[in-house]
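Written below as structure tokens is the structure these notes are about.
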Amino acid sequence: MIPTRTLEDLGWPTLVDHWAKRCATKRGELHVRALQLFDDIHAARARTIEITEARLLATRDLALPLGGISDIGASIARVRKSAALDAPELVAVATTGRSLSRLRTHLRDHGAIVPRLAARGAQIADLGHVYHPILEGFDADGRLVDHASDALGPLRRALASIKAQLEKRMQALLTDERFSQYLQDAYYTQREERYVLPVRTDGKGFVRGIVHGTSQSGQTLFIEPEEIVDLNNRAKLAEADVLDEERRILAKFSGWVAEEADGFDASLAAAETLDVIAAAAIMAEDTVSAEPIIDDAPRIALLHARHPLMLLGERRCVANDVMVAANATLLISGPNAGGKTVALKTVGLAALMARSGLHLTAESGSAIGWFPDVRTDIGDAQSLENDLSTFSGHMVNLREFLDTARHGSLILIDEIAVGTDPEQGAALAQAVLEALAERGVTGIVTTHYEKLKALGATDARFSNASVGFDLARLEPTFKLHLGTPGSSGALAVAQRMGVAIPVVERARALMGPHVAKVEELLASVADQQRRIELERAALLAELEAVEADRAAHRAFRDSAKARFEKQTRAVHGEALAELKAARKEIDQVRQQLRAKAAETTLDDLKVATRRLNTPGSQVARHEPQRAMPPGTPATAEKLVQGAPVIVPRLGRAEVVALLPEDKVEVRVGSMRASIPIKDVMMDTHRARRALLPPPAPVPAPMLAVVLVDGVPAGGKAGARTAESTIDVRGNRAEEAIAQVDQFVDESLMAGRETVFVVHGHGTGALRTAIRTHLTTHRAVDKMRPGEQSEGGDGVTVAFLK
């Protein structure tokens, strides 16, 4: 058990209150307020994972549906004793059962992402056979409906009929001459649930019936006329029948609940635990906490730790790294009000939160040891009731630590051994800390004693830390610096608080030059550390900004690539569809021409030609736009015979001759065309290349023909036909490549698998250019030299993808 004083020193009850207020159910809130810390490290680790799962659901707008769950434990206990529940209790039980079922279904549906919570949800019983008929038996106002049983409806209708007769009869008596003259007023009412008339006292002898009472003034008698006694009796009996039937129904419903009392209790317990977990997840989100590493070793490694109560109270809080090795003690020094005690309490609360399986108000990757025992000495230990001074109170606490501390204990001491002579206090503090270190405790101690600061530099079991102080602004920074002691800064604080400067200067003189120099040195080191931290933070911020930009550019690039691939697939699909339709139409035209070969006229051939050209133009619409080589606008002066030009619709060409009407004749391969000069660009790239010396001859790629079972290893080609063969002999290399590219495109649309390129033997330059080009062609899967029957090495066979 953690001592109550420790819990109060660290503010644990306040943290628990914040946690409890975030619960959705009364049972969950009571559970948190009565919470006992885990004794098993594995249970605490499991709880941290469950909280992570609950936070995951919340971030996906799938938070646990805990609404509508009431505390029906008392009702379940009553039905166990065969007691019948009343209507409101049964409605509460049924509504809670429905909410429990909703929670169970929710976790089952999302069990793939939250397996541990789903396992807890599986402990909720299936209670649909209980709450469904109960809810159907009540209306929105919590009243039994007429069809709750076969008898209830008829009984209620019979009662309503009798009451209608009663009211009709009473209305008639109000105007009956035998009674109207003796009535106090023209109305009727009820006394003891029986209909009566208000009769004046002077008319009591004239109205025969049963007296059920008088008015406060005594001037009015409430008489049940003898004419309606029988109807009143019948109404009372009918009403009793209805109440008996309703009690029977409630008893039946209560019996159903009693049969599933164990299921209700187990379900309520599971929902209670889930509510505790969900509330912890909400608090973790509110404080931007992270799942900790709960270590077996009693160490502390908190990254950017913040005090949880300051965060929950929406107060400014400086994040600090706190590192303490197992069985070591961290000595924190520095100015008063500089954040030493806050750091102390932050670690203490982190240890308790880990014992509860909570997430810590620190960065991801933070680790906290498993501390079975946490002890604190924080604040003024003075007690008038126990006749203890400040120093005596602290000594009582230190004595207790020495008596009870053991390996794995966490000791937190604020201003150790204060309230006495500084020299003696420092010596006593060092002796106590050395004794605690021998017992293997892990501790954090705040101090102003120079002797303890020196201990942190000479004894490996101790380490120094300090809280920062801004010399320029004369105020603390609340930043914890590990590895160096800090100046107490008493004179600077005094000056900041308004003490006269001459007084402060006199105090500095009384300290002596040596002490003053040490204080100034420590303060300077702390200030330098602060500046380094600021520069480091600025560099980290810039690095994060650069990384964010890189990530944004990467995301934009990936998105653009995905859009391009999607558009390419769509265009490719459209082109294939058009190609299939074109092939079908061409086949139809061919069949028609063959069928009417003898009767075909010139007009028929023109119509057929137009029909054959239409599919080609439809496919051409889907051809991707090619990026054209760089060029400059053409003029008539530049368009001399043989000049290289670019025609956007045709590609590279050369000038044949100028034509009238601002046109030029160009040659593309073996084809000639008349093009407007404004649609022609000078091919500056090819013109510059023509001025360069000719490149050294490149040997032709060696395409060895390897036979496997008599078939070339490059692949078995189909029979060489005129449709699958292109002859580029006599052309220059560029013209031949352009013709081959066009032929490959036509072959792809025609569905050919193999093309034969006849380039001849010659010097081998044309063969080399053709084969080098086909090697990198996207539409060519592989190629090989022609077999002897196909033309030998003067032919290249290309297999299309």
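The values are calculated or read from the model by the stated rules, or taken from the named source; none is laboratory data. These numbers were taken from a predicted model, which means no experiment stands behind them. Note that each Cβ is placed from the backbone with ideal geometry, even for glycine, and that neighbours are counted across all protein chains shown. Note: accessible area is taken over every heavy atom of the protein model, side chains too, but ligands, DNA and RNA are not part of it. Shrake-Rupley method; radii C 1.70, N 1.55, O 1.52, S 1.80 Å.
Over the Cα atoms of segment 113-254, compute the convex hull volume and normalise it per residue, giving Å³. Spell out each step's value before the answer.
Working: hull volume 23.5 nm³, N = 142.
Looking at segment 113-254, the number lands at 166 Å³ per residue.
Taking K and R as +1 and D and E as -1, what net charge do the other residues with C-beta under 12 Å from the C-beta of A172 add up to? Spell out each step's value before the answer.
Values: positive: K168, R169, R178; negative: E167, D176, E177, E227.
Net local charge, A172 excluded: -1.
With all protein chains present, calculate the accessible area of W256 using a 1.4 Å probe and round the result to the nearest 10 Å².
About 80 Å², rounded to the nearest 10.
Do you know the relative contact order of segment 170-290, to the nearest whole percent, from alpha carbon pairs under 8 angstrom that are 6+ apart? Present the calculation step by step, with values, prior to reporting the outcome.
Numbers: 105 pairs, mean separation 17.1, N = 121.
Relative contact order here is 14 percent.
Once the mean 1/r over all distinct Cα pairs of segment 241-313 is inverted, what Kirkwood radius in angstroms do you read off? Working shown, then result.
Details: mean 1/r = 0.0582 Å⁻¹.
17.2 Å is the Kirkwood radius here.
Could you name the aspartates and glutamates whose alpha carbon sits less than 16 Å from that of K168, not counting residues in the same chain fewer than 8 places away?
Within the straight-line cut-off, K168 pairs with D176, E224, E226, E227, D230.
Order of 302-309, 398-405 by packing, highest average Cβ count within 10 Å first? Could the numbers behind the result be given before it?
On the way: 302-309: 22.4, 398-405: 14.9.
The packing order, highest mean first, is 302-309, 398-405.
Suppose R0 equals 35 Å. What FRET efficiency, 1/(1 + (r/R0)^6) with r the Cβ-Cβ distance, do L510 and R399 give to the nearest 0.05? Don't skip to the end; give the middle numbers.
Numbers: r = 36 Å, r/R0 = 1.02.
For L510 and R399, the calculated efficiency is 0.50.
Once you wrap a convex hull around the alpha carbon atoms of segment 716-801, what is its projected area averaged over all directions, in nm²?
Details: hull surface 19.8 nm².
Average projection, Cα convex hull of segment 716-801: 4.9 nm².
Among rounded, prolate and oblate, which fits segment 24-117 when a ≥ b ≥ c are the square roots of the eigenvalues of its C-alpha gyration tensor, a/c under 1.5 means rounded, and a/b larger than b/c means prolate? Before the final figure, lay out each step's value.
Values: a/c = 2.65, a/b = 1.55, b/c = 1.71.
Note, shape of segment 24-117 comes out oblate.
Just how much of I726 is accessible, in Å², when a 1.4 Å probe is used and the result is rounded to the nearest 10?
I726 has an accessible surface of roughly 20 Å² with all protein chains in place.
What shape does segment 30-79 have by the C-alpha gyration tensor, where a ≥ b ≥ c are the square roots of the eigenvalues, rounded means a/c under 1.5, and otherwise prolate means a/b greater than b/c and oblate the rest?
On the way: a/c = 3.14, a/b = 1.26, b/c = 2.50.
Note, shape of segment 30-79 comes out oblate.
Quick check: net charge around R55, other residues with Cβ under 14 Å of its Cβ, Lys/Arg +1 and Asp/Glu -1? Before the final figure, lay out each step's value.
Numbers: positive: R22, R47, R60, R116; negative: E50, E53, D61, E285, D286, E291.
The answer is -2.
List, largest first, the extents of the alpha carbons of segment 194-329 along their principal axes, each in whole Å.
Computed over the Cα atoms, the extents are 103, 43, 24 Å.
Using packing as a proxy for protection, rank 169-175, 139-145 so that the peptide with the highest average count of other Cβ atoms within 10 Å comes first.
Packing order, densest peptide first, comes out as 169-175, 139-145.
Using alpha-carbon pairs under 8 Å, 6+ residues apart, how would you state the relative contact order of segment 83-198 in percent? Intermediate results must be reported in sequence, preceding the final value.
Working: 84 pairs, mean separation 20.5, N = 116.
Relative contact order of segment 83-198: 18 percent.
What's the FRET efficiency of R667 with R316 using the Cβ-Cβ distance as r and R₀ = 56 Å, to the nearest 0.05?
Working: r = 81 Å, r/R0 = 1.44.
With a Förster radius of 56 Å, E is 0.10.
Can you tally the net charge around D727? Count Lys and Arg as +1, Asp and Glu as -1, for every other residue whose Cβ sits under 14 Å from the Cβ of D727. Before the final figure, lay out the partial values.
Numbers: positive: R720, R729, R767; negative: E723, E735, E790.
Every neighbour counted, the sum reads 0.
What does the charge dipole of segment 236-289 about its Cα centre add up to, to the nearest 20 debye, if the Cβ of each Lys and Arg holds +1 and the Cβ of each Asp and Glu holds -1? List each step's numbers first, then the result.
On the way: 4 positive and 13 negative charges, 36 e Å.
My answer is approximately 180 debye.
Just tell me which lysines come within less than 27 Å, Cα to Cα, of K252; anything on the same chain fewer than 8 places away is out.
Straight-distance partners of K252: K81, K236.
Can you return the lysines within cross-link range of K678? Criterion is Cα-Cα under 28 Å, with same-chain partners fewer than 8 residues away left out.
Partners within reach: K638, K663.
By the gyration tensor of its Cα atoms, with a ≥ b ≥ c the square roots of the eigenvalues, what is the shape of segment 197-273: rounded for a/c under 1.5, prolate for a/b over b/c, or oblate? Please list the in-between numbers first.
Values: a/c = 9.72, a/b = 2.99, b/c = 3.25.
In terms of gyration-tensor shape, oblate.
Go through 184-193, 335-344 and give me the packing order, highest mean Cβ count within 10 Å leading. Before the final figure, lay out the partial values.
Values: 184-193: 13.1, 335-344: 22.4.
Sorting 184-193, 335-344 by mean packing, highest first, produces 335-344, 184-193.
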